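> Questions regarding the structure given below will be posed in turn.
Taken together, the values in this text are just the output of simple stated rules run on the coordinates, not laboratory data. It should be emphasised that the depicted structure is a prediction, and the values quoted were computed from it without experimental measurement. Methodologically, a virtual Cβ is constructed for each residue, glycine included, from the backbone with ideal geometry; neighbour enumeration extends over all protein chains shown.
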Amino acid sequence: IFLDPMCGAGTILIERALTNRYRLLIGGDIRKKAVHHTLTNFGSKHQPRKIFQWDATHIPLNDLSVDRVGTNLPWGRHFGSLKENQNLYADVLKEIHRVLKPGGRAVCLTSDRTCFKKVLQWITGINLVNRSKEIVVLGRRADIFVLEKPTFFEKHKYET
């Protein structure tokens with residue numbers, strides 16, 4: 001099960017659908033227009049999928065229900081602001097942590113890397129496992145952060 005909690009026009013979801021088999025694609029966006037664009041871009045292809053209008057800081061999915069997450073976080077330029085990103089990133093990462101299964105991975109793209117790194121320090125139970133620095137997206141520099149939620153065994157193996 002693959003989730004993009006801030007799917008915009010659905011680009012990441014469609015790319016995921018084209019990559020390999022999956023059980024379910026789930027996407028959502030706070031903007032009604034974005035959800036409409038996602039559904040239009042999908043057409044009748046790439047089933048099964050579920051697309052919702054929602055607030056990514058309150059994702060209406062069960063705990064531990066998602067295997068993978070991929071999202072392009074707002075960079076604070078076209079949507080939101082750099083000042084708002086700190087709270088937004090913290091709330092979205094908490095939700096990603098909540099819905100992600102142990103052993104699951106999340107990939108987050110952002111140009112506001114300083115904010116992302118700061119917020120990531122506040123979230124316990126999810127680890128940074130890789131970072132691709134300064135890629136260029138539409139002429140803007142950004143980083144890709146790969147996060148992993150430890151399995152129960154990994155989380156507790158050093159406690160004995």
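> Take the residues in segment 15-49 that are within 23 Å of PRO102 (Cβ to Cβ) and among the charged types (D, E, K, R); name whichever of them is surrounded by the most Cβ atoms within 10 Å (Cβ to Cβ).
In this case the residue turns out to be ARG16.
> Just one of LYS50, LYS32 is free of Cβ contacts under 8 Å to residues at least 60 places away in the same chain and over 17 Å from the mean Cα position of the chain (by Cα); which is it? Full working, then the answer.
Numbers: LYS50 fails: over 17 Å from the mean Cα position of the chain (by Cα).
Exactly one of LYS50, LYS32 is free of Cβ contacts under 8 Å to residues at least 60 places away in the same chain and over 17 Å from the mean Cα position of the chain (by Cα), namely LYS32.
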